[in-house]
Amino acid sequence: MSKLSTEALFSYISLLRFTHPPTSLPLVQKSLSRLRPRPSHFDSVIKNHREKTDPTLPFPSELSLIKSTLSSHTPLHSPSLPEINFPPSPLTFLPPHLLHYTSTSVLSPHLDSVRYSGPSISVLTLLGSASLRLKVARPSEIDLKLTPEFGGLQILNELRTELPETIEIELNAGEGYILSGISRYLMEHEVVGEGERYAVVFRDDLIE
């Protein structure tokens with residue numbers, strides 16, 4: 001198993017963290033206030049929640065922070081770990097996606113589809129606390145069209161051997177994370193929490 005420090009491990013898998021005051025919480029709460037809870041997302045990954053894509057809400061300082069965090073990141077390469085190169089983020093974003101979780105909400109382990117958004121996914125917690133957990137994805141979760149780009153499915157076995165079984169970070173209001181590189185394409189993630197939680201998701205656009 002890799003002997004990388006936590007900071008180096010996060011750099012290697014391109015799991016980035018940022019902090020931003022949750023000042024947009026009232027706008028997000030208002031936008032979601034008239035929606036009824038949904039028993040399930042179309043792919044059953046999220047259950048008992050409210051969600052909405054709202055192109056009318058601006059998040060200028062949040063997006064500026066995410067762009068600068070992505071632009072300044074160079075993934076760590078280690079001789080003991082596979083070197084994998086992924087496309088850079090285009091830094092143009094789709095409309096923000098708003099989420100409201102309650103004590104009965106469930107966000108199951110999944111790998112976000114690469115068919116609908118680009119190389120990074122950023123999430124900012126606005127209210128509540130939770131844990132983000134990541135583990136190397138199952139082969140059935142990987143988009144097979146990507147396999148030539150990162151060396152084939154055998155890379156998953158190497159990562160599963162070298163990385164910790166589970167990588168976990170705590171998330172509180174005003175704390176965010178960015179999945180890119182390995183953490184975006186080759187690792188499943190889930191969010192586990194209790195009580196009410198609001199979050200906003202920023203996905204960058206597809207690279208043509």
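Of (1) free of Cβ contacts under 8 Å to residues at least 60 places away in the same chain; (2) touching a strand residue (DSSP E or B) at 6+ places or on another chain (Cβ under 9 Å), Q154 satisfies all except one. Which? (2) is the only condition that Q154 fails.
Using the structure shown, decide if S11 is buried (at least 18 other Cβ atoms within 10 Å of the Cβ) and either in contact (Cβ under 8 Å) with a residue 60 or more places away in the chain or acidic (D, E) (or both). For S11, the condition - buried (at least 18 other Cβ atoms within 10 Å of the Cβ) and either in contact (Cβ under 8 Å) with a residue 60 or more places away in the chain or acidic (D, E) (or both) - is met. Residues in region 36-56 that are among the β-branched types (V, I, T) and modelled with pLDDT of 85 or more: 2 in all.
For region 19-71, the candidate set comprises residues that are hydrophobic (A, V, I, L, M, F, W, C) and part of a loop (DSSP other than H, G, I, E, B); within that set, the residue that is farthest from Y116 (Cα to Cα) is L35.
Selection over region 87-119 of residues that are farther than 14 Å from I178 by Cα and in contact with a Pro (Cβ under 6 Å, 6 or more places away or on another chain) gives a count of 2.
For (1) touching a residue at least 24 places away in the same chain (Cβ under 8 Å); (2) of a type outside the set (G, A, S), each residue gets a yes or a no:
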residue	(1), (2)
H20	yes, yes
T23	no, yes
K30	no, yes
E51	yes, yes
L57	yes, yes
S64	no, no
S68	no, no
S72	no, no
H77	yes, yes
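Test E83 against the stated conditions and say whether it is more than 30 Å from G195 (Cα to Cα) and acidic (D, E). Considered against the rule, which asks whether it is more than 30 Å from G195 (Cα to Cα) and acidic (D, E), E83 comes out as yes. Among the residues of region 1-23, those that are in contact with a helix residue (DSSP H, G or I) (Cβ under 7 Å, 6 or more places away or on another chain) and closer than 14 Å to G176 by Cβ comprise L15, L16, F18, H20.
The values are calculated or read from the model by the stated rules, or taken from the named source; none is laboratory data. On a predicted model such as this, the values are computed, not experimentally measured, just so you know. Ideal geometry is used to build each Cβ from the backbone, glycine not excepted, and the neighbour counts take in all protein chains shown.
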